[in-house]
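One structure below.
The values are calculated or read from the model by the stated rules, or taken from the named source; none is laboratory data. Since the model is a prediction, treat every value here as computed from it, not as a measurement. Neighbour counts are summed over all protein chains in view; Cβ atoms, including those assigned to glycine, are modelled from backbone coordinates with ideal geometry. Ligands, DNA and RNA are excluded from the accessible area calculation, which covers all protein heavy atoms including side chains. Shrake-Rupley method; radii C 1.70, N 1.55, O 1.52, S 1.80 Å.
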2 protein chains.
Amino acid sequence: MKTWIHIPKQSDFSIYNIPFGIFSSKKRKPRVGIAIGNQVLDVFAAYKLGIFKKIKIKKRVLKNNFLNDFIALGKEKTTKIREIIQQELCNENSILKENNAVFLPQNEVQMHLPIVIGDYTDFYSSMEHATNVGMMFRDPENALLPNWKHLPVGYHGRTSSIIISGKPIHRPKGQVLPPNEKHPIFKASNRVDFELEMGFIIGKSTTIGNHITTHKAEEYIFGKVLFNDWSARDIQKWEYVPLGPFLGKSFASSISPWVVTLEALEPFKVKGPIQEPEVLPYLTYEGFKNYDINLEVSIQPKNKDATVVSHSNFKYMYWNMVQQLAHHTINGCNIKVGDLMASGTISGKSTTSYGSMLELSWGGKKPLKLADGEERTFIEDYDTITMKGYCIKNDIRVGFGEVSAQILPTL
Amino acid sequence: MKTWIHIPKQSDFSIYNIPFGIFSSKKRKPRVGIAIGNQVLDVFAAYKLGIFKKIKIKKRVLKNNFLNDFIALGKEKTTKIREIIQQELCNENSILKENNAVFLPQNEVQMHLPIVIGDYTDFYSSMEHATNVGMMFRDPENALLPNWKHLPVGYHGRTSSIIISGKPIHRPKGQVLPPNEKHPIFKASNRVDFELEMGFIIGKSTTIGNHITTHKAEEYIFGKVLFNDWSARDIQKWEYVPLGPFLGKSFASSISPWVVTLEALEPFKVKGPIQEPEVLPYLTYEGFKNYDINLEVSIQPKNKDATVVSHSNFKYMYWNMVQQLAHHTINGCNIKVGDLMASGTISGKSTTSYGSMLELSWGGKKPLKLADGEERTFIEDYDTITMKGYCIKNDIRVGFGEVSAQILPTL
């Protein structure tokens, strides 16, 4: 595809991407936009120019604080809208080309949480991550629990504290059990950690009692985001038995502003790992359902350079999204447009591909050296953590931008 | 208080109660109502008669599918509204008395899910329940885990599958590990269970980073409901390590339609249990924060009589609501109007006060005899489970009505 708009070669937001988000500017209230190169295309303004006239869309769907109503139009319509935008950006005679006001520089807009998230589920689908955590928290000889290879383990997370990239987070306080003590103390966490994850956003609702097959699951996925599932390891360790993580996670999670559609990611599908033992029939699937998405995490201390501390890839996932969705609904649990399902920490085999400081510093025992000579076991005050993700194949690049947040001192 | 409306002596919905809900009828779209005796007062119709003219309320707050906007008016206003209704129902010259159309018989209206629930948290705050489960699932000698007496253990639950009382539920399917096997099988659960719980609904939002003290917590609680946290014990047992319950719970939870305000429950406060070891300062509280609420559960097989199988009481809770809220927010996690926080199963000391079949039948080993000669270990197809709850003191009764649902065969 050849576009008339200038797109830098290394841009995540190529003509092949067209991700959706919610932005506002000094003069524009929140509305749907797409990212293209270094620009944002104001989709509501483009709508007013008549480029979507073949599709029935109500104004309030595009002039909206969230993408939910847009997503609820259904894939048939949203795919068509994305294609029209692509065509217009390639059409030298497009009305968009004559109307500069439909474009704004990305550094002049404010991005917002793109979705009203109904329920948020966090899976635990990287075998390397689950093994590493099992070795450290439980038994190194039996790091993976007996159920892990039979089902995509998951749990419900807190929705209210999911925030948009860029918002800083105060170090949480809570109960921590000091080593060799029987009684907990109350303190600020000193094991604040990131978790490198990706999330997918539900694009189609089901009703209670019904389930989704792996064959149909992609119809229910609108798109994907980068996700940092912040964790306070000391709080988590004391509280998590027997009902799972709670306050060690619920102080905040950060998501990236641009939702990359499943259609944009289609060319980057790859074969998943062999699953042994064989999974139950409702978890079997056909075709390629993993995605080759390069991921990286950097730590930037205040007023210093950033150091990339992890290079990972979404293709490492043992359980893929269609299996996660088939499992989640097999008991009749309904899903809704705007629900978020996250992957769990994405770690690879090599020690430089681990997706959390817990793993990278092996429980705090092996400090990481940063570019400026500082060392880190966990995250310190004023550190900024930035995660990036992109696919590349035959010179075509489709990326996610970034999810970034700074840790501030406890309140 | 003396009212001109007829209220049967045993009614949960006395003049001292005035609980809020959302109802519709053949001729009326969903709107706010209150229960009084066997009637529903149409609060929107009463508003149109001008009884709330001293309070600024927008029409759409009362003509609404949910109570969220009503609750978001704030306690000052909603308390005032409740008091005005009480006064009008006692005032012999009230305009309501001349307008029969503002009342409808409860058996002629349809009740709806009262709240758009943002996040749902389930606590685990009955010591007797946690001990019983620990004895059966883990180690009888160390049934309570080390953290249990230091913090109100809780986890996030699924919001989308919370349904209104009366809606039947299909038996869920899922992975189950047969005894002495290493590989799970896929089947319909044969250990479907109820959990007798109460929930409270958040009445005031906080922002991320802030926390609520036990001293202020009641300001953030709008009211309470009965809650049946349906569980599939066989699915739960296999899946729940290490991240907690997931599909064993998320197929459905049932809530009662009438939200009883904290103000209506004020006279029924009682002293809570002594907490040993002493809790950390942020969990200490002053005054009485437990509530004497009688609870019961009955099982009714198809075309047979119901048998009450459990008599419990909300006063047994080890951790109270103000402690739960202080703990939930101590890490800076924000809460929103319409969030639901449930107690966890409410069991007492005696074997007839246990709040689940898991405990009542001691893991299926001791079948319960029902009135008609049938026996139950867990819930069978076409059984209807009904939970009731009420307070009584000096002849004043304030009750919750019921939460009821039938289990249907698997789909």
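Values as computed for the structure displayed
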{"read-out": "Drop in accessible area of at least 10 Å² in the complex versus isolated chain, residues of the range B:326-356, 1.4 Å probe", "value": "B:HIS327, B:HIS328, B:ILE330, B:ASN331, B:CYS333, B:ASN334, B:LYS336"}
{"read-out": "Kirkwood Rh, angstrom, the protein assembly as shown [1 / mean 1/r, Cα pairs]", "value": "28.0 Å"}
{"read-out": "Principal axis dimensions, largest first and in whole angstrom, of the range B:286-411 by Cα", "value": "49, 43, 27"}
{"read-out": "Using a 7 Å Cα-to-Cβ projection, B:PRO105 label spacings across copies, nm, ascending", "value": "7.2"}
{"read-out": "Residues in the range B:173-213 that, when all protein chains are in place, have 30 Å² or more less accessible area than the chain alone would give (probe 1.4 Å)", "value": "B:LYS173, B:GLN175, B:HIS183, B:PRO184, B:PHE186, B:ILE208, B:GLY209"}
{"read-out": "Rounded accessible area of B:LYS97 (nearest 10 Å², 1.4 Å probe)", "value": "80 Å²"}
{"read-out": "For the A-to-B rotation axis, chain A residue with nearest beta carbon and its distance in angstrom", "value": "A:GLY244, 1"}
{"read-out": "Loop-resident sites, the range A:85-146, for GluC sites (Glu not before Pro), counting at most 16 other Cβ within 10 Å (DSSP)", "value": "A:GLU92"}
{"read-out": "For the range A:92-100, 3J(HN,Hα) per residue [Karplus equation, 6.51 cos²θ - 1.76 cosθ + 1.60, θ = phi - 60°, Hz, x = Gly/Pro]", "value": "4, 9, 4, 4, 5, 5, 7, 10, 4"}
{"read-out": "Principal axes of the range A:274-338: Cα extent on each, largest first, Å", "value": "52, 30, 18"}
{"read-out": "Label distances, nm, A:HIS215 versus same residue in remaining copies, Cβ-directed 7 Å point", "value": "6.3"}
{"read-out": "Set of aspartates and glutamates with alpha-carbon distance to B:LYS365 below 14 Å, sequence-local pairs under 8 removed", "value": "B:GLU375"}
{"read-out": "Cα-Cα pairs of the range A:241-356 separated by more than 16 Å (percent)", "value": "73 percent"}
{"read-out": "Simple Cβ-charge dipole of the range B:1-65, Lys/Arg +1 and Asp/Glu -1, about Cα centre, in debye nearest 20", "value": "540 debye"}
{"read-out": "Descending semi-axes in Å of the range B:120-408, equivalent ellipsoid built from Cα gyration tensor", "value": "29, 22, 18"}
{"read-out": "Rotationally averaged projected area of the range B:20-112 (alpha carbon convex hull; nm²)", "value": "5.5 nm²"}
{"read-out": "Loop trypsin sites (Lys or Arg not before Pro), the range A:272-318 (other Cβ atoms within 10 Å of the site Cβ: 11 or fewer; DSSP)", "value": "A:LYS302"}
{"read-out": "Solvent-accessible area buried by A and B, counting both chains, probe 1.4 angstrom, square angstrom", "value": "5400 Å²"}
{"read-out": "Rg(Cα)/(2.2 N^0.38 Å) for the range B:176-334, N = residue count", "value": "1.25"}
{"read-out": "Accessible surface of chain A, 1.4 Å probe, proportion on carbon and sulfur as whole %", "value": "51 percent"}
{"read-out": "Inter-chain shielding of B:122-133 (mean C-beta neighbours from other protein chains, 10 Å cut-off)", "value": "1"}
{"read-out": "Residue-normalised accessible area of the protein assembly as shown, given per residue in Å² at a 1.4 Å probe", "value": "40 Å²"}
{"read-out": "Cross-link table A:LYS216/B:LYS304; A:LYS77/B:LYS56; B:LYS80/B:LYS289; A:LYS26/B:LYS53; A:LYS48/B:LYS63; B:LYS9/B:LYS58, entries beyond 31 Å C-alpha to C-alpha", "value": "A:LYS216/B:LYS304; A:LYS77/B:LYS56; A:LYS26/B:LYS53; A:LYS48/B:LYS63; B:LYS9/B:LYS58"}
{"read-out": "Charged-residue dipole, Cβ positions (Lys, Arg, Asp, Glu), chain A about Cα centre, Debye nearest 20", "value": "1460 debye"}
{"read-out": "Translational diffusion of the range B:103-242, µm² s⁻¹ [Kirkwood Rh, Cα pairs; Stokes-Einstein; 4 °C; 1.567 mPa s]", "value": "71 µm²/s"}
{"read-out": "Radius of gyration and maximum dimension Dmax of the range A:113-153, Cα, Å", "value": "13.7, 43"}
{"read-out": "Paired Rg and Dmax values of the range B:176-244, which use every Cα atom, in angstrom", "value": "18.8, 51"}
{"read-out": "The range B:57-69 - phi-based ³J(HN,Hα) in whole Hz, Karplus 6.51/-1.76/1.60, Gly and Pro as x", "value": "9, 7, 3, 5, 5, 9, 9, 8, 6, 9, 7, 3, 5"}
{"read-out": "GNM flexibility winner over chain A from A:VAL102, A:VAL309, A:VAL241 (Cα, springs under 10 Å)", "value": "A:VAL241"}
{"read-out": "Share antiparallel - DSSP beta bridges, chain A, percent rounded to 5", "value": "90 percent"}
{"read-out": "Vicinal HN-Hα couplings computed from phi for the range B:353-360 (Karplus, 6.51 cos²θ - 1.76 cosθ + 1.60; Hz; Gly/Pro x)", "value": "10, 5, x, 8, 5, 3, 7, 4"}
{"read-out": "Values of log10 I(q)/I(0), in the order q = 0.26, 0.27, 0.28 Å⁻¹, for the range A:266-311 under a Debye, Cα-only, solvent-free model", "value": "-0.96, -0.99, -1.02"}
{"read-out": "Accessible surface, 1.4 Å probe, highest first, among residues A:ASP69, B:ASP12, B:ASP383", "value": "A:ASP69, B:ASP12, B:ASP383"}
{"read-out": "Inter-copy label distances at B:LYS365 (7 Å, Cα→Cβ; nm, one decimal)", "value": "4.0"}
